[in-house]
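Novice: Can you read through this structure? Questions will come right after.
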Amino acid sequence: MIEKQHKEHFLAKTFAGLEEVLLQELEALGAHNCQQHSRSVSFEGDLPLLYKANYFCRTALRILWEMDSFTFRDNNQFYDAIYKFPAEKYLSKDGTLAVSASLTESDFKTPLFPSVLAKDAICDRFRSIYNERPSVDKEEPDVQFHLHIYRNSCTLYLDSSGESLHKRGYKVSGHPAQINEVLAAAMIKLSGWHGECDFIDNMCGGGTLLIEAAMQALNIPAGYYRHHWGFFNWKNFDRRLWNKITDSADIKEDVNINFYGYDISGRYLGMAKANVQEAELQDFIFLEKSDMADTRPERTPALIMINPPYGERLEVEDLKVLYKKIGDTWKQYFSGCTAFIISSDIEALKSIGLRPSRRFKLFNGPLECLMLKFDLYAGKKSGYREQVIGNS
Ligand SMILES: C[S@@+](CC[C@H](N)C(=O)[O-])C[C@H]1O[C@@H](n2cnc3c(N)ncnc32)[C@H](O)[C@@H]1O
């Protein structure tokens with residue numbers, strides 16, 4: 001018997017620079033026809049794949065389900081097209097909804113107008129069927145509709161994720177300069193590390209990189225600590241299917257590597273401890289208050305990954321001195337290791353004084369950053385202290 005193919009169309013959103021790594025994750029989950037766009041990847045599959053992407057994908061911010069697309073000449077045609085959409089398949093008459101929109105080269109002046117028009121069309125349809133209409137809840141709607149409007153064409157999506165997927169559920173303590181979990185997970189994937197050696201963050205703050213690395217090494221799904229997704233409130237939510245998918249996670253009980261985190265601030269280290277505890281990873285992640293200059297690897301090789309202060313959110317007297325200290329410490333005490341650093345301060349990065357073997361352009365929120373890779377050889381290597389970032 002030929003199995004019926006479900007060709008639903010989805011769109012996974014991410015940060016600029018992470019499209020390729022997200023595409024690889026989606027393909028590994030069984031997604032078909034994956035295509036990269038700016039800050040998103042479109043793909044095809046079925047409802048189980050939508051659930052899987054929400055639960056397992058580490059580098060997606062949210063997953064949208066494409067419901068309809070149409071062109072329109074005026075507001076009436078726009079309203080009519082939305083009115084025809086059978087929203088009652090997903091939304092109850094006593095449920096709540098919200099509609100958001102993004103516009104590109106559109107005659108609509110602001111996203112608010114098409115959002116309100118679409119909301120009216122959906123509510124009018126409910127009124128005509130049930131004599132009742134759902135109410136609007138912009139904060140926590142049961143069903144979040146999203147419209148992508150490009151010129152006079154519109155695609156209608158359901159946002160299946162609800163809260164952004166970077167909210168993993170293990171952050172009980174928020175560091176003021178914490179790195180986004182999706183970016184942290186992508187940095188680890190881009191590094192090529194697959195848990196084959198110890199992982200060190202000499203400036204760990206609230207511990208995001210350590211926790212994401214431990215989750216990857218132990219195969220803990222990205223959504224393991226999270227309790228809610230947008231599609232839980234849809235009328236078609238299949239709890240049995242969801243349970244089957246979450247039960248299929250193949251989490252390792254142990255790994256023969258360790259994770260080491262250090263921070264100069266006792267307060268920030270306390271935050272890392274709280275987050276690690278919440279993620280129940282305290283048997284794997286060892287935390288110690290220390291200046292990074294006093295840290296040493298327990299064994300080599302190890303993978304080092306740090307997100308030092310950029311001077312944006314944290315006051316640092318002299319970033320260049322700090323970055324030079326990072327380079328000197330790595331060179332002197334971490335030979336045999338591979339180190340990655342992300343920063344938006346290109347001048348400060350030059351002060352590391354080591355030759356990067358790779359560079360990745362990434363975004364930490366609105367900040368354009370470089371992630372540099374250093375192979376820390378023992379002894380002198382030609383050009384070791386040359387500065388090759390930019391054109392200096
Ligand atoms: C940008 S934050 C790291 C945030 C972390 N990645 C997170 O997601 O929570 C930089 C951290 O470096 C720490 N730091 C600054 N100078 C340091 C030093 N000399 N040695 C160790 N840690 C240092 C700060 O206390 C701060 O927590």
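The values are calculated or read from the model by the stated rules, or taken from the named source; none is laboratory data. Predicted model only: the values in this text are computed from it and were never measured. With ideal geometry, Cβ positions are generated from the backbone for all residues, glycine too; neighbour counts draw on all protein chains shown. Accessible surface areas use protein heavy atoms only, side chains included; no ligands, DNA or RNA. Shrake-Rupley method; radii C 1.70, N 1.55, O 1.52, S 1.80 Å.
Novice: Mind pulling the angle between the C-alpha long axis of helix 319-333 and the longest principal axis of the chain? Nearest 10 degrees, somewhere in 0 to 90.
Specialist: That helix lies at roughly 60 degrees to the long axis.
Novice: Nearest 10 degrees is fine. How inclined is helix 208-217 to the longest principal axis of the chain, computing both from alpha carbons?
Specialist: Its long axis makes an angle of about 80 degrees.
Novice: Give me the percent of the accessible area of region 164-246 that comes from carbon and sulfur atoms, probe 1.4 Å, all protein chains in place.
Specialist: Summing carbon and sulfur atoms, their accessible area is 47 percent of the total for region 164-246.
Novice: Assuming 0.36 nm per residue, please report the length gained on full extension of the stretch Leu112 to Asp250 beyond their Cα-Cα distance.
Specialist: On the way: separation 138, 0.36 × 138 = 49.68 nm, distance 4.38 nm.
Answer, rounded to one decimal: 45.3 nm.
Novice: Taking the Cα centre of the chain as origin and charging only Cβ (+1 Lys, Arg; -1 Asp, Glu), how large is the dipole, in debye to the nearest 20? If you can, show how the numbers build up before the last one.
Specialist: On the way: 47 positive and 53 negative charges, 116 e Å.
Dipole magnitude for the chain comes out near 560 debye.
Novice: Here is a follow-up. On a 1.4 Å probe surface of the protein chains, which of His37, His32, His194 comes out largest in accessible area, and what is the full order?
Specialist: Values: His37 80, His32 105, His194 150 Å².
Order by accessible area, largest first: His194, His32, His37.
Novice: Also, I was wondering about something else. With a bin width of 5 angstrom, please list the P(r) values of region 8-159 as percents of all Cα-Cα pairs, from the 0 bin to the one holding the largest distance.
Specialist: All Cα pairs, binned at 5 Å, distribute as 2, 9, 18, 20, 18, 16, 11, 5, 1, 0 percent.
Novice: Can I ask one more? Of the options His194, Phe286, His166, report the single residue whose Cα projects farthest towards the positive end of the charge dipole of the chain (beta-carbon charges: Lys, Arg +1; Asp, Glu -1).
Specialist: So the residue we want is His194.
Novice: If you count the DSSP beta bridges with both ends in region 8-159, what percent of them are antiparallel, to the nearest 5?
Specialist: Of all bridge pairs located within region 8-159, approximately 75 percent are antiparallel.
Novice: Kirkwood Rh over alpha-carbon pairs of region 89-190, then Stokes-Einstein at 4 °C and 1.567 mPa s: what D in µm² s⁻¹, rounded to an integer?
Specialist: Using the Kirkwood radius from Cα pairs, D works out to 81 µm²/s.
Novice: Next question, about the same structure. Once fully extended, how much extra length lies between Asn152 and Ile129, figured as 0.36 nm per residue of separation less the alpha-carbon to alpha-carbon distance? Walk me through the numbers before you get to the answer.
Specialist: Working: separation 23, 0.36 × 23 = 8.28 nm, distance 2.87 nm.
Fully extending the segment from Asn152 to Ile129 adds 5.4 nm.
Novice: Which of the pairs Lys13/Lys84; Lys324/Lys350; Lys13/Lys167 have their Cα atoms more than 18 Å apart in this structure? Show your work: numbers first, answer last.
Specialist: Values: Lys13/Lys84 27 Å; Lys324/Lys350 8 Å; Lys13/Lys167 14 Å.
The answer is Lys13/Lys84.
Novice: Same structure again: Carbon and sulfur together cover what percent of the accessible area of region 8-159 at a 1.4 Å probe radius? Display every interim value, and only then the final one.
Specialist: Values: 3170 of 7100 Å².
Carbon and sulfur: 45 percent of the exposed surface of region 8-159.
Novice: For region 211-281, what class follows from the C-alpha gyration tensor (a ≥ b ≥ c being the square roots of its eigenvalues): rounded when a/c is under 1.5, otherwise prolate if a/b is larger than b/c, else oblate?
Specialist: Oblate is the answer for region 211-281, as a/c is 1.5 or above yet b/c matches or exceeds a/b.
Novice: With 24 Å as the limit, write out which pairs from Lys252/Lys289; Lys52/Lys361; Lys52/Lys89; Lys289/Lys320; Lys7/Lys138 have Cα-Cα distances beyond it, or answer none.
Specialist: Too far apart for the 24 Å limit: Lys252/Lys289; Lys52/Lys361; Lys7/Lys138.
Novice: Okay, next question. Nearest 500 deg cm²/dmol is fine: what mean residue ellipticity at 222 nm does the chain get from its DSSP H runs of n ≥ 4 alone, each adding -39,500 (n - 2.57), divided by its residue count?
Specialist: Only helices count here, giving -8500 deg cm²/dmol.
Novice: As a test question: what accessible area, to the nearest 10 Å², does Trp330 have when a 1.4 Å probe is rolled over all protein chains in place?
Specialist: Answer for Trp330: close to 0 Å² accessible.
Novice: Here's a follow-up. Enter the accessible area per residue of region 253-292 (Å², integer; probe 1.4 Å; all protein chains in place). Show your work: numbers first, answer last.
Specialist: On the way: 2120 Å² over 40 residues.
The answer is 53 Å² per residue.
Novice: I'd like the distance separating the alpha-carbon centroids of region 242-280 and region 154-227, in whole Å.
Specialist: Cα centres, region 242-280 to region 154-227: 10 Å.
Novice: Apply the Debye scattering formula to the chain, with a single equal point scatterer on each alpha-carbon and no solvent, then give log10 I(q)/I(0) at q = 0.10 Å⁻¹.
Specialist: Computed log10 I(q)/I(0) values: -0.73.
Novice: Wrap a convex hull around the Cα atoms of region 45-116, take a quarter of its surface area, and give that in square nanometres. If you can, show how the numbers build up before the last one.
Specialist: Numbers: hull surface 26.9 nm².
That works out to 6.7 nm², a quarter of the Cα hull's surface.
Novice: Give me the accessible area per residue for region 8-159, probe 1.4 Å, as a whole number in Å².
Specialist: Here the per-residue accessible area is 47 Å².
Novice: Another one. Compute, for region 8-159, the length of the dipole vector about the Cα centre, with Cβ point charges of +1 (Lys, Arg) and -1 (Asp, Glu) only. Units Debye, rounded to 20.
Specialist: Here region 8-159 has a charge dipole of around 240 debye.
Novice: Could you tell me the calculated FRET efficiency between His32 and Asn236, based on Cβ-Cβ distance and R0 = 35 angstrom, to the nearest 0.05? All intermediate terms of the calculation are to be shown ahead of the outcome.
Specialist: Values: r = 21 Å, r/R0 = 0.61.
Using R0 = 35 Å, I get an efficiency of 0.95.
Novice: Can you tell which of Phe56, Gly230, Ala302 lies farthest toward the positive end of the dipole of the chain, using +1 and -1 charges on the Cβ of basic and acidic side chains (Lys, Arg; Asp, Glu)?
Specialist: Farthest towards the positive pole: Ala302.
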